[in-house]
Amino acid sequence: MNTVIFRTIAPLIVAIMLVFSVYVCLRGHNEPGGGFIGGLIAASALAIWSVAAGVEAARKALRVDPLALAGAGVFAAALSGLASIFTNSPFMTSIWLYLDLGEETVPFSTPMVFDIGVYFVVFGTISSIALALQSGEES
């Protein structure tokens, strides 16, 4: 499976998958997608990279322990729910902030922060499992 063609095309596939995973994650609150499917796409990209370049190269490219990313995602998702305390609203109530950047208005919301947290939880968990299975060691 680790042919010259696969090793050559893998960086392009991985780059496209990572960009697409971020796109799916960020559009997920208003349209189909979200943090879960975005995280699965990103973890699949890392799995492809680890097959093409090896597990150690994939861990080196990641630069952070995947389970640390999962923990940061849980923290971000919980923080998005706690933000509603400042508005005297129930836990996980959506809060929207509209940032004026020149001629554009960019919406920023707690559901987006929650989706990003879920993205990191799914990416970190699935990546940790995939890398452990490919290296043959216990996680």
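The values are calculated or read from the model by the stated rules, or taken from the named source; none is laboratory data. Everything quoted here is computed from the prediction, not taken from an experiment. Every residue, glycine among them, receives a Cβ derived from its backbone with ideal geometry; neighbour counts consider all protein chains shown.
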*Taking residue 35 as meeting all but one of (1) buried (at least 22 other Cβ atoms within 10 Å of the Cβ); (2) on the phi > 0 side of the Ramachandran plot, write down the number of the exception.*
(2)
*asked:* Can you say whether residue 4 is over 21 Å from residue 121 (Cβ atoms) and surrounded by 13 or more Cβ atoms within 10 Å (Cβ to Cβ), as far as the supplied structure shows?
replied: no
*Could you check, for segment 55-67, whether at least one of its residues is closer than 19 Å to residue 15 by Cβ, surrounded by 15 or more Cβ atoms within 10 Å (Cβ to Cβ) and among the basic types (Lys, Arg)?*
yes
*Would you please list the contacts, defined by Cβ atoms under 6 Å and residues six or more apart or on different chains, that run from a residue in segment 33-60 that is without any contact (Cβ under 8 Å) to a residue 24 or more places away in the chain to a residue that is hydrophobic (A, V, I, L, M, F, W, C) and part of a helix (DSSP H, G or I)?*
33/24; 37/24
*Which one of the conditions (1) of a type in the set (S, T, N, Q); (2) modelled with pLDDT of 95 or more; (3) in a loop (DSSP other than H, G, I, E, B) does residue 30 fail to meet, given that it meets all the rest?*
(2)
*asked:* Anything in segment 68-91 that is surrounded by fewer than 16 Cβ atoms within 10 Å (Cβ to Cβ) and either modelled with pLDDT under 95 or more than 30 Å from residue 14 (Cα to Cα) (or both)? List them, or say none.
replied: 78, 79, 82, 85, 86, 87, 88, 89, 90, 91
_Test for residue 112: is it aliphatic (A, V, I, L, M), touching a Gly at 6+ places or on another chain (Cβ under 6 Å) and in contact (Cβ under 8 Å) with a residue 12 or more places away in the chain_ = no
